[in-house]
1. Working only within region 103-148, note down all residues that are free of Cβ contacts under 8 Å to residues at least 40 places away in the same chain and among the acidic types (Asp, Glu).
2. Scan region 30-45 for residues that are part of a helix (DSSP H, G or I), out of contact with any helix residue (DSSP H, G or I) (no Cβ under 6 Å at 6 or more places or on another chain) and under 18 Å from Trp62 (Cα atoms) and jot them down.
3. Is there a residue being among the hydroxyl-bearing types (Ser, Thr, Tyr), surrounded by 15 or more Cβ atoms within 10 Å (Cβ to Cβ) and either out of contact with any helix residue (DSSP H, G or I) (no Cβ under 8 Å at 6 or more places or on another chain) or at pLDDT 95 or above (or both) anywhere in region 88-111?
4. Could you grab me the full set of residues in region 10-58 that are among the acidic types (Asp, Glu), in contact (Cβ under 8 Å) with a residue 40 or more places away in the chain and surrounded by fewer than 14 Cβ atoms within 10 Å (Cβ to Cβ)?
5. Of the residues in region 68-80, how many are assigned to a helix (DSSP H, G or I) and free of Cβ contacts under 8 Å to residues at least 24 places away in the same chain?
Amino acid sequence: MVVIDSDIFLIAYRYHRDVRSDDNARFLQTISSASPAITLYSLMEVLGQLSFNLSAQKLAEWETWLLRRHRLAVLWPDPGGLNAQEFIAQEIYQRPLKRMQANHVAFSDALVLQLAEDKPNTHAIVTWNARHFRDKTWLPVLTPAEYLAGPTSQPA
């Protein structure tokens, strides 16, 4: 499974004139065979950003134009038997805070990394903001252009 970061969908659906749009579109066309996924946190970010420019009806149809179109699975955190208050304290605050302090990573990125790493079948994270994630996870972190170029161009 390849976890796709929010920036890829924001370029696809909001920033059409971005210089990376062609590579971004090619990546989204080819990724369906790699069991693509998006974390709940990234999904919330995408829908939140797009809500400024989409009609209420279009926003309500997000499962069709986002999840189904790109064959995306949504990665949800596992509460592991914790009640809501314990889950928020431990999984939404304490674990990301430790990663933030140890690795100098933004809170939202820490949540994404934590969830991607918690899923045993995650093979890579793909993002245009690779510098935000590289050296902060054991997972390979690739840009869409690196992913498309294949294994020879992917950073170690």
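1. If the condition is that a residue be free of Cβ contacts under 8 Å to residues at least 40 places away in the same chain and among the acidic types (Asp, Glu), then Asp109, Glu117, Asp135, Glu146 are the ones that fit.
2. Pass one, region 30-45, residues part of a helix (DSSP H, G or I): 30-34, 40-45.
With the extra rule that they be out of contact with any helix residue (DSSP H, G or I) (no Cβ under 6 Å at 6 or more places or on another chain), the set shrinks to 30-34, 40, 43-44.
If the condition is that a residue be part of a helix (DSSP H, G or I), out of contact with any helix residue (DSSP H, G or I) (no Cβ under 6 Å at 6 or more places or on another chain) and under 18 Å from Trp62 (Cα atoms), then Ser32, Leu40, Leu43, Met44 are the ones that fit.
3. no
4. Initially, region 10-58 is screened for residues among the acidic types (Asp, Glu), giving 18, 22-23, 45.
Within this subset, residues satisfying the condition of being in contact (Cβ under 8 Å) with a residue 40 or more places away in the chain are 23, 45.
Across region 10-58, there are no qualifying residues.
5. First, the residues of region 68-80 that are assigned to a helix (DSSP H, G or I): 68-70.
Next, from what is left, pick out any that are free of Cβ contacts under 8 Å to residues at least 24 places away in the same chain: 68-69.
Result for region 68-80: 2.
The values are calculated or read from the model by the stated rules, or taken from the named source; none is laboratory data. Just so we're clear, the structure is a prediction, and the values are computed from it rather than from any experiment. Cβ: placed from backbone, ideal geometry, glycine included. Neighbour counts: every protein chain shown.
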